[in-house]
Every structure is written in structure tokens, then in C-alpha cells.
Amino acid sequence: MIRPVPSRRDAIADDLRHQISTGHFKAGERLPSEAQLATRYTVSTPTLRSALALLQGEGLVEKIHGNGNFVRRPLRRITYFGGLAEPTTSTAFPAQLRVTTRTTTIEAHSHLPALLNVPPRSPLTEVLHIAHEGKTPHSLARIYVPGDLTQTDPPPARPSPEQIAVRVADPRPPLAEVQERLSARLPTQEEAAALRITTSLAVLSLTRVTTDATGRVVEAALLVLPGDRADALFTTRLNTEERTPKA
């Protein structure tokens, strides 16, 4: 059986992958410049970049624009826990993750009116959470709350995008339903830039919509979790008492 000869791109990626796995290039270390690597492997710059893109997609190499390509440190995996349960220490970010928060007031546009069931250009509060491990972005979440329901208190110092607490001002009637839609897709250019990942690395995209007893949407959360560092866990608890036969 004749085995196909690997392409130059694959051969370069294999060689760099081996050098990373054997410690020749260590975690956090900057790789030689693309021009230097292209000369070393006697290939064009586009071929060299294509090889690096494979390693970036595997999570081995991180490209920081303006600084070069770096061997990426292993990132901590986080788990998103679905459901309406209150946040606990098991669902919160590990202490090593730093979360930055930015709150702005916007008008409902694009897909947001349909998502929150509000008229176009209605006032919304947008809360953007970005989690970092060291200097590397880890995950991001955008939370939208109708303007008349927004809390006046500042957001918590360490919010947990794995289990987003509803940030509304003591809604009446009480909360009734949380609907979560999970899908795997490729990131947008904006998401890839914010998370410093390639557009070829799949992300977990989770849309979480919370409604009250009247059916009003009181919060919508859009989470983007890179597939190489996140899991999603959904648990269904069955009522065993109703299944127990009576004597």
C-alpha cells in the first residue's frame, strides 16, 4: 500500500508539533518569526502560515498580532452548568481566572429585539464579561437586561459566566423558566479577535433566555466558550417519589 506523501504544510506542522511536545519550544516561549521559519523550512510565507494555523487550531500555538507566535500554555478547562440553580463554589470560576466586566447602555438592534421580545431600539443594559487566565482570554459572555429591570448596584467583582445569575431588580412576578440553546460553530471575526483564537477553532455557543411567570423575558445571556477549554453539563433530576408504587 502506497502511503500519501504529507504536504509541506503538514510536514512543517508535524515538526513544530514534535519540537513543542519534546520541550524544544517551551510553554510561553515565542517561536522564531514567520520569515525565519519560512527560510528554515524553505517554503513561502503563506505555506508557513498555513502550517502555523493548524497548530493554532489545535490550541498548541497562539498568535498575538504584533508580537508573534507563542507556544500556548495549557489552559484550564471550565464547565458550564445548565439550569436555574443558584451559583455555588463548584460553578464559579477557579481563582486563577480573572474576570473583567464592562457595563453599557445600548438600544436593541439586530437579533436582540426578537431575542428579548422588545421593540427595536428599546433601551437595554449590556454587561460584557471576559475571563482571562494570565494574559490569555478564556471565555466571554454578553448579558442583556431590559433597561427598566436593570439593577442599580454594580456587577459582582467575580461573576461566573458558567452560571449567570439573573441581574434584574427584584422582578415581580417571580422567575419561571430558563431556556438554553447550545450549539457548536465557528467564531465570528470579532469573537476570534476577543478570545485570540483562530476562526477555524470551534466554539460552544450558548444562548440562555430567562422569563418570568408572565412570559416576559427578563434576561438574555450569550456565552462563547472555545471548544478546547470548555465543557457543558446539563443534569435532569427525576421525581422518584411519583414512580414509587404505593403499598
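The requirement of being touching a His at 6+ places or on another chain (Cβ under 7 Å) and modelled with pLDDT under 90 is fulfilled somewhere in segment 64-77, by at least one residue. Take the residues of segment 38-65 that are among the aliphatic types (A, V, I, L, M) and over 24 Å from the mean Cα position of the chain (by Cα): which is nearest to Leu201 (Cα to Cα)? In this case the residue turns out to be Ala51. Once segment 1-45 is narrowed to residues that are part of a loop (DSSP other than H, G, I, E, B) and polar (S, T, N, Q), the residue that is modelled with the lowest pLDDT is Ser7. Looking for something at pLDDT below 85, out of contact with any strand residue (DSSP E or B) (no Cβ under 8 Å at 6 or more places or on another chain) and not in a strand (DSSP E or B) - is there at least one such residue anywhere in segment 179-198? Checked against the condition, which is being at pLDDT below 85, out of contact with any strand residue (DSSP E or B) (no Cβ under 8 Å at 6 or more places or on another chain) and not in a strand (DSSP E or B), segment 179-198 yields no hits at all.
With the requirement that a residue be over 27 Å from the mean Cα position of the chain (by Cα) and within 16 Å of Thr47 (Cβ to Cβ), what does segment 23-37 give you? Result: Pro32, Ser33, Glu34, Ala35, Gln36, Leu37. Annotation: of all residues in segment 181-239 being among the charged types (D, E, K, R) and farther than 30 Å from Asp148 by Cα, the one that is surrounded by the most Cβ atoms within 10 Å (Cβ to Cβ) is Arg229.
The values are calculated or read from the model by the stated rules, or taken from the named source; none is laboratory data. The structure presented is a predicted model; accordingly, all values stated were derived computationally and were not measured. With ideal geometry, Cβ positions are generated from the backbone for all residues, glycine too; neighbour counts draw on all protein chains shown.
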